[in-house]
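Chemist: After the structure tokens below, expect a handful of questions from me.
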Amino acid sequence: MVLELGTRQDGTLIADGRADLLDGSLYHSISVKADGTVKIWQSQVWPEQAWTGTNTDGTYAGADCDGWTVDEYSSGAYSFIYASDWAWTYQSNWSCNGCRALYCLEQP
């Protein structure tokens, strides 16, 4: 599914373009699955987090589980899927042996 920059899979506006996406405040969180259904909040546990590999400004964090190919002995940058502040793109780095969603953004 190809999405217009700034919208979720369900069509909800999250930001007015790239600059707004990275200014630390989203209109809505990106808490939607790839099929467009809204993810129901349960708790701040691994399924409520997403691998990003980025810093809060959208730059490469240097932590991407070796290109998302390694599940041990490596670390990856992750975020909270319900965040609509800076934490939507980066919360911390963690061991890659955990199950998390993966945010994959492409810059045109």
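Chemist: Taking only C-alpha pairs under 8 Å that are 6+ residues apart, what is the relative contact order of the chain in percent? Numbers along the way, then the final one.
Modeler: Details: 210 pairs, mean separation 26.2, N = 108.
It rounds to 24 percent for the chain.
Chemist: Under 20 Å from a point placed 7 Å out from the Cα of Cys104 along the Cα-to-Cβ direction: which residues of segment 8-37 have their backbone N that close?
Modeler: Answer for this model: 8-11, 30-37.
Chemist: Looking at (i) 0.94; (ii) 1.00; (iii) 1.06, which value of Rg/Rh (Cα atoms, Kirkwood Rh) comes from a calculation on the structure shown?
Modeler: (i)
Chemist: Which of the cysteines in the chain are isolated, no other cysteine C-beta under 4.7 Å?
Modeler: Cys99, Cys104
Chemist: Taking R0 as 30 Å, what's the FRET efficiency between Val38 and Asn97 from their Cβ-Cβ distance, rounded to 0.05? The partial results should precede the final answer.
Modeler: On the way: r = 28 Å, r/R0 = 0.93.
That gives a FRET efficiency of 0.60.
Chemist: Follow-up question, since we're still on this one. At a 10 Å Cβ-Cβ cut-off, how would you order Ile30, Ile14, fewest neighbours first?
Modeler: Values: Ile30 24, Ile14 19.
The most exposed by this proxy come first: Ile14, Ile30.
Chemist: Continuing with this model, one more query. Give the residue from Ala50, Ala63, Trp86 lying farthest towards the positive end of the charge dipole for the chain; charges sit on Cβ (+1 for Lys and Arg, -1 for Asp and Glu) and the dipole is referred to the Cα centre.
Modeler: Farthest towards the positive end: Ala50.
All of the numbers you see were taken from the coordinates with simple rules; none came from a lab. Since we're looking at a predicted model, the values are computed, not measured. Neighbour counts run over all protein chains shown; Cβ positions are idealised from the backbone, glycine included.
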